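As structure tokens, the structure follows; a few thoughts come after it.
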Amino acid sequence: VGVRKNYKKAMKWFRMAAENDELIAQFNIGVLYAEGKGVPKDYEKALDWYRIAAEHGFVPALYNLGLMYYHGNGVRQDPVTAYGWIDIAAQEGEENALAVKEDLLEILPPKQLREAKRLSKENLRRITGGIKAKHESMKDIFDLMEPPI
């Protein structure tokens with residue numbers, strides 16, 4: 001018998017950590033909103049939290065923010081803006097971002113691709129504090145929160 005995951009309680013702890021500028025917590029709040037775990041699904045709030053962590057260089061947030069624009073979740077679908085975030089995550093070795101970047105390179109016309117690359121450079125300049133390393137998945141974080149059986 002294991003301990004049930006309590007996403008509402010996790011959200012409470014993530015919010016406290018996020019208020020102290022913990023990027024992983026900011027990112028995880030975005031994940032909880034995007035997946036509707038412990039809170040109603042809300043892509044706009046997910047987007048806001050991903051942006052906070054992305055603008056501080058958190059690689060998983062860069063990728064997820066780009067995906068929101070790629071798929072049009074919570075925003076108008078925008079492959080140029082998607083590329084602007086996905087490209088940075090791909091440069092940092094985020095494997096899933098590499099595949100999405102390849103897809104975007106195939107679908108963007110030359111003029112839009114030039115704009116997307118310009119946007120990627122602009123986003124990279126705006127990131128405060130440099131690029132932050134990857135982290136364990138949210139599942140791994142919740143596993144760490146559970147006592148051993």
Just one of the numbered conditions (1) in contact (Cβ under 8 Å) with a residue 40 or more places away in the chain; (2) of a type outside the set (Lys, Arg); (3) in a helix (DSSP H, G or I) is not true of residue 56; which one?
-> (3)
Matching residues in region 115-133 - criterion: being part of a helix (DSSP H, G or I) and surrounded by 14 or more Cβ atoms within 10 Å (Cβ to Cβ) = 115, 116, 117, 119, 120, 123, 124
Among (1) touching an Asp or Glu at 6+ places or on another chain (Cβ under 8 Å); (2) open to solvent by less than 30 Å² (accessible area, probe 1.4 Å), where does residue 89 come up short?
-> (1)
Does residue 10 satisfy the criteria of being open to solvent by less than 70 Å² (accessible area, probe 1.4 Å), aliphatic (A, V, I, L, M), free of Cβ contacts under 8 Å to residues at least 24 places away in the same chain and at negative phi?
-> no
Of all residues in region 15-32, which are touching a Phe, Trp or Tyr at 6+ places or on another chain (Cβ under 8 Å) and open to solvent by less than 20 Å² (accessible area, probe 1.4 Å)?
-> 18, 25, 26, 27, 28, 29, 30, 32
When residue 112 is evaluated against the numbered criteria (1) modelled with pLDDT under 95; (2) open to solvent by 60 Å² or more (accessible area, probe 1.4 Å), which criterion, by number, is the only one it fails?
-> (1)
Mind counting the residues in region 81-114 that are assigned to a helix (DSSP H, G or I) and farther than 20 Å from residue 58 by Cα?
-> 11
Among the candidates 38, 74, residue that is more than 18 Å from residue 120 (Cβ to Cβ), in a loop (DSSP other than H, G, I, E, B) and touching an Asp or Glu at 6+ places or on another chain (Cβ under 7 Å) | 74
Tally of residues being within 17 Å of residue 128 (Cβ to Cβ) and in contact with a Leu (Cβ under 9 Å, 6 or more places away or on another chain) across region 61-91 | 6
Residue count, region 34-77, condition within 21 Å of residue 90 (Cβ to Cβ) and of a type in the set (Asp, Glu), comes to 1
Is there any pair with a first residue in region 108-125 that is farther than 21 Å from residue 92 by Cβ and a second that is among the hydrophobic types (A, V, I, L, M, F, W, C) and modelled with pLDDT of 95 or more whose Cβ atoms are under 6 Å apart and which are 6 or more apart or on different chains, and what are they?
-> 112/80; 115/80
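The values are calculated or read from the model by the stated rules, or taken from the named source; none is laboratory data. All of these numbers come straight from a predicted model, not from anything done at the bench. All Cβ positions, glycine included, derive from the backbone under ideal geometry; neighbour counts span all protein chains shown. Areas reflect the complete protein model, heavy atoms only, side chains present, ligands, DNA and RNA absent. Shrake-Rupley method; radii C 1.70, N 1.55, O 1.52, S 1.80 Å.
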